[in-house]
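Input: a single structure, listed below in structure tokens.
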Amino acid sequence: MPGLAVNDLLDGVLGPGEPRRGSRPNGEAQRGGLVRCRSAVRRTAEGGSPVSTTPEIGGGGVTPPAPVGSSARSAGGVVASRRLAAGGCLVLALLLAWLVVPDAAPARAAATPTAYTFSQQFAVGNTGNMQGLAFAGGTHYVSFDLGGGQGRIVAYDAAGRELQRTGPLPLGHANEMSVRPADGLLYVLNSDASPSVVDVVDMGRATPVVVRTIPVGKVTHGAVVGMNIVDDQLVLVTGPTGGPYDLVVLDMTGHLLRSVGIPDQGVTQGVEVVDGQVLLYTSLSNPARNQITVLSMAGAVLRVIPVPVASEGEGLSADPATDQVYIGANSPNRVLAMSPRFVAEPVVSTQSLTLDPVADTMARQQGDQLPAVLGAESG
């Protein structure tokens, strides 16, 4: 519990550390019982055992042999009372330890960068109608709309050297694409098909082909698709220019899992799920610019990252091993790297204890009574 020391918490529930004497004649015993309870609670809250490993001779740590006769019944009642109260104290200790959160616990291991920059990774040696971008195993994949319902995918290394190209494939606009690590295949959104589909392309063949299609319903011409590799899901953003837009999550058969509206961020160009958050790449005008909007999986806007590139954006990809993000742009066609690597925006998650006046009063009353039971003596 940030900012709340163990002693403060104990004082709030058990009363002040130096208990006041009650009207009972056993004030010292009463105080001793409270001290023992407070010690147990403190040991537990600070990460130790609620039971002391050091016997407290004469203080309840070691139970003396039971006497005989009527005194045995009296002493037995005292021992039973102590054990019962000690059990209650143990429960209280465990409860308070569960509520205490270490002050030094960080929300995230890595600090979120205050700013990102973008520099050219390589020039795309193709002047065609560049559309989508994907990345896997050190290879960049770029999709092109060839017109007439046909598209092409070209693979490049990190320096922009062409490694492979497909022939014309029925990819339509080839809006955007992503690699699924589970099978190593490319998933390309084809908004020109009716209904719209995600075309699955096997680039591992000598002649790459579309091996299957996943129906995704009717999406807008500028819709984009990405991959949530943790949950093995397709993530689409679709909507007309100017909105409204929807963040849509599908399973790998195209079954709708959930859909949520999101604010208009501009003309959609690319999307990917990175470190559990959605990166939506869009282009805007007046003035011409691009941006990456960081969204939660529930559609909440967490941050907007400016992309100081005036030409239209063309696809977004990420290396799942490092969270390195890449974006595409045209005029001329090129791939840019974002620096530093993406770090997910922190999500506030705190645990706190609220003591309302009634509960606080009851706790103090119980705290006043508890030591009297722990400190009971035979009479």
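Values quoted throughout were computed directly from the atomic coordinates according to the rules given, and no laboratory measurement underlies them. Quick caveat, the model's predicted, so the values are computed rather than measured. We place every Cβ from the backbone using ideal geometry, glycine too, and count neighbours over all the protein chains shown.
With a Förster radius of 41 Å applied to the C-beta separation of residue 241 and residue 347, the computed FRET efficiency comes to 0.85. When peptides 128-134, 312-318 are sorted by average Cβ neighbour count within 10 Å, with the highest value leading, the order is 312-318, 128-134. Each Cα pair under 8 Å and six or more residues apart adds its sequence gap; the mean of these over the residue count of the range 117-339 is a relative contact order of 17 percent. Annotation: the residues 116, 156, 245, sorted from fewest to most other C-beta atoms within 10 Å of their own C-beta, follow the order 116, 156, 245.
Going by average Cβ density within 10 Å per residue, which order do the peptides 250-258, 222-230, 163-171 take, highest to lowest? Before the final figure, lay out each step's value.
Values: 250-258: 13.6, 222-230: 22.1, 163-171: 17.3.
The densest-packed peptide leads the list: 222-230, 163-171, 250-258.
The packing ranking of peptides 172-181, 299-308, 274-283, 235-244, highest mean first, is 172-181, 274-283, 235-244, 299-308, where packing means the average number of other beta carbon atoms within 10 angstrom of each residue.
Determine how many Å³ per residue the convex hull of the Cα atoms of the range 117-339 encloses. Spell out each step's value before the answer.
Numbers: hull volume 24.1 nm³, N = 223.
Output value, Cα hull per residue: 108 Å³.
Note on residue 321 and residue 251: the model spin-label points, each 7 Å out from Cα along the C-beta direction, lie 3.1 nm apart. Just subtract the alpha-carbon distance of residue 157 and residue 139 from 0.36 nm times their residue separation and send over the number in nm, one decimal. Taking residue 157 through residue 139 to full extension adds about 6.0 nm, to one decimal. Based on alpha-carbon atoms, the Kirkwood radius and the radius of gyration of the range 181-240 give Rg/Rh equal to 0.99.
Ranked by Cβ crowding within 10 angstrom, fewest neighbours first, how are 214, 327 ordered? Display every interim value, and only then the final one.
Numbers: 214 19, 327 26.
Exposure proxy ranking, most exposed first: 214, 327.
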